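To start, the structure itself, in structure tokens.
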């Protein structure tokens, strides 16, 4: 299994209605300080929504980028009952999935 597959498989563990951060996902697959790598891999996700890269956000609570635009990412997160205000997750700590 290559690194991308390992990351996508780990991301599938994050349930609907929860999010993870780029850093948490990097740690979960053994990448020290791998947030940027995670971001690049999320941007290349060949199966968005199926592999829920929209559930990966910044550790500050900002939603971060999305290949189809932040508006689409916000809508997908809202559809999963994740509230966002001014581009940031409300109650971030309550929504973060811990691997």
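The numbers here are math on the coordinates, done by the rules we state, and not lab data. What you see is a predicted model, and the numbers here were worked out from it, not measured in a lab. Neighbour counts are summed over all protein chains in view; Cβ atoms, including those assigned to glycine, are modelled from backbone coordinates with ideal geometry.
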Taking 53, 81 and counting other beta carbon atoms within 10 angstrom, the fewest-first order is 81, 53
Sorted largest first, the C-alpha extents of region 3-95 along its principal axes in whole angstrom are 32, 25, 20
If one compares the long axis through the Cα atoms of helix 70-79 with the longest principal axis of the Cα atoms of the chain, the angle in degrees, nearest 10, works out at 80
